[in-house]
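Just below is one structure, and these are the notes that go with it.
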């Protein structure tokens, strides 16, 4: 777990903490087509990313559900709602402290 990917101060969102996989232009286009086809046929469209994105390496290598379980149990820091009522973000200092404690 490296803290070099964290900014000096501020807040980070969950993908910057637990990582995010890359989505290529081709995958994003295929996801858009699949979603349009599902919508046209009356099915529920997939929730796969519709835009290309670069991979983000994990600082704390856990899955999303494990992260939220850790937040609920107090193992991981609680988020703040500084960006909006439905936007969870964590103080960089809290994440650095977590990494320094060596919690995985």
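The values are calculated or read from the model by the stated rules, or taken from the named source; none is laboratory data. Everything quoted here is computed from the prediction, not taken from an experiment. For neighbour counting, all protein chains shown are included, and Cβ atoms are generated from backbone atoms with ideal geometry for every residue, glycine included.
Which numbered condition trips up residue 99, out of (1) at pLDDT 95 or above; (2) part of a helix (DSSP H, G or I); (3) crowded, with 16+ Cβ neighbours inside 10 Å?
(1)
Do you know which of the residues in region 11-27 that are touching a residue at least 60 places away in the same chain (Cβ under 8 Å) and not in a loop (DSSP other than H, G, I, E, B) is surrounded by the fewest Cβ atoms within 10 Å (Cβ to Cβ)?
This residue is 14.
Mind telling me which of the residues 94, 37, 66 ends up being in a helix (DSSP H, G or I), out of contact with any helix residue (DSSP H, G or I) (no Cβ under 6 Å at 6 or more places or on another chain) and outside the structural domain of residue 5 (by TED's automatic domain parsing)?
Details: 94 fails: outside the structural domain of residue 5 (by TED's automatic domain parsing); 66 fails: outside the structural domain of residue 5 (by TED's automatic domain parsing).
So the residue among 94, 37, 66 that is in a helix (DSSP H, G or I), out of contact with any helix residue (DSSP H, G or I) (no Cβ under 6 Å at 6 or more places or on another chain) and outside the structural domain of residue 5 (by TED's automatic domain parsing) is 37.
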